[in-house]
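Asker: The structure is given below, and queries will be raised subsequently.
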Amino acid sequence: FSSQALSTSTGKIIPWESRDLESAAKIVAASYKNQADAEIYADYRTVWGCESYLRSIVKNPGCGTFMPETSFMALDQKDNPCGLILGCRISDGIGMIPQIAVHPSCQGKFLGNTLMLRSLEKYKLMGFNGISLAVTPGNRRAYEWYRRLGFKIRKQFGAYIWER
C-alpha cells in the first residue's frame, strides 16, 4: 500500500503517525467503556490510562516491536479520528495486533473490518505468515468477530485481578 489514504463509504483509512496517540486514546477509552476488558485492565477506564497503554505499545517492545507500516487510523467523513489498529512484530514472520478499536458512534459501518483487512494485507505483503491477538471471551462481540475473520484459538489463559 502507498501512504495514500484509502477512502471508504464512511471516511478514510490513513497511515498511523505518532501524533495520533492522543486521539487514539480517546477512541480506545470510548470503545471499552462498560466492557468486560475495562473491568480486567484498569488502563482502559480512562483516556490517560489508554494513552499510557498505547504509548507503551509504540515505544516499548512489550507486545513485540511496533510496526507503523501495519498500523492505521480511520477518519470519519469530517476527517475526525474514529478508529485505529496497531501492529507489532513478535518474531520472524509472526505479527501481533495489540490494539484495534472503533469509536462507538462509528461501529457497525465496517471500519473495523477495513482496518483489520488493511493491516493483514500489509503483513502479508511484508512476508508475515501468522498474526496473533488476544481477546477476552467476555467481549463477545469482538470474540465472535475475530472468529468470523478466521482467527482461531491457540491458547487460553486466565486473567487474575488482585484487589485489596
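The values are calculated or read from the model by the stated rules, or taken from the named source; none is laboratory data. Treat the numbers as computed from the prediction; the structure is a model and nothing was measured. All Cβ positions, glycine included, derive from the backbone under ideal geometry; neighbour counts span all protein chains shown. Heads up: the accessible areas ignore ligands, DNA and RNA and are worked out on the full protein's heavy atoms, side chains in. Shrake-Rupley method; radii C 1.70, N 1.55, O 1.52, S 1.80 Å.
Asker: Write out, first by first residue and then by second, each pair whose Cβ atoms fall under 6 Å of each other, whose residues are 6+ apart or on separate chains, and whose first residue, in segment 22-36, is in contact (Cβ under 8 Å) with a residue 24 or more places away in the chain while the second is open to solvent by 40 Å² or more (accessible area, probe 1.4 Å) and part of a helix (DSSP H, G or I).
Answerer: Listed by first residue and then by second, the contacts come to Ala25/Val47; Ala25/Glu51; Lys26/Val47; Ala30/Pro104.
Asker: Report, by residue number, each residue of segment 115-131 that is in a helix (DSSP H, G or I) and not aromatic (Phe, Trp, Tyr).
Answerer: In the first step, residues of segment 115-131 are kept if they are in a helix (DSSP H, G or I); the result is 115-125.
Correct list: Leu115, Met116, Leu117, Arg118, Ser119, Leu120, Glu121, Lys122, Lys124, Leu125.
Asker: Hey, could you check segment 107-132 for residues that are under 25 Å from Ala29 (Cβ atoms) and more than 15 Å from the chain's Cα centre (by Cα) and say which is most open to solvent (accessible area, probe 1.4 Å)?
Answerer: Applying the filter and picking the extreme gives Lys109.
Asker: So if I check each of Ile27, Ile13, which one is touching a Ser or Thr at 6+ places or on another chain (Cβ under 7 Å), at pLDDT 90 or above and farther than 18 Å from Cys88 by Cα?
Answerer: Result: Ile13 is the single residue among Ile27, Ile13 that is touching a Ser or Thr at 6+ places or on another chain (Cβ under 7 Å), at pLDDT 90 or above and farther than 18 Å from Cys88 by Cα.
Asker: I'm checking my understanding of the structure. Among residues of segment 64-80 that are open to solvent by 40 Å² or more (accessible area, probe 1.4 Å) and not hydroxyl-bearing (Ser, Thr, Tyr), which one is modelled with the lowest pLDDT?
Answerer: Filtering first and then ranking leaves Gln77.
Asker: Among all residue pairs at least 6 apart or on different chains, which show Cβ distances below 8 Å where the first residue, located in segment 131-154, is within 21 Å of Thr65 (Cα to Cα) and the second is assigned to a helix (DSSP H, G or I) and not hydroxyl-bearing (Ser, Thr, Tyr)?
Answerer: Filtered contacts from segment 131-154: Ile131/Leu120; Val135/Ala142.
Per-residue answers, yes or no, for (1) touching a strand residue (DSSP E or B) at 6+ places or on another chain (Cβ under 9 Å); (2) modelled with pLDDT under 95; (3) not aliphatic (A, V, I, L, M):
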| position | (1), (2), (3) |
| --- | --- |
| Ser3 | yes, yes, yes |
| Ser7 | yes, yes, yes |
| Ser18 | no, yes, yes |
| Tyr41 | no, yes, yes |
| Ile57 | yes, yes, no |
| Gly62 | yes, yes, yes |
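Asker: Still on this structure: Name every residue in segment 83-94 that is open to solvent by less than 40 Å² (accessible area, probe 1.4 Å) and over 12 Å from the mean Cα position of the chain (by Cα), in order of residue number.
Answerer: Gly93
Asker: Let me ask something additional. For the structure I just gave you, tell me whether Ala74 is small (Gly, Ala, Ser), in contact (Cβ under 8 Å) with a residue 60 or more places away in the chain, within 22 Å of Glu17 (Cα to Cα) and in contact with a Cys (Cβ under 7 Å, 6 or more places away or on another chain).
Answerer: Answer is yes for this residue.
Asker: Can you pull out the residues in segment 78-98 that are over 13 Å from Lys26 (Cα atoms) and part of a strand (DSSP E or B)? Show your work before the answer.
Answerer: We begin by selecting, within segment 78-98, every residue over 13 Å from Lys26 (Cα atoms); these are 78-79, 85-98.
Answer for segment 78-98, where residues must be over 13 Å from Lys26 (Cα atoms) and part of a strand (DSSP E or B): Ile85, Leu86, Gly87, Cys88, Arg89, Ile90, Ser91, Ile94, Gly95, Met96, Ile97, Pro98.
Asker: Using the structure shown, decide if Lys155 is at pLDDT 95 or above, over 17 Å from the mean Cα position of the chain (by Cα) and open to solvent by 40 Å² or more (accessible area, probe 1.4 Å).
Answerer: Judged against the criteria, Lys155 is not a match.
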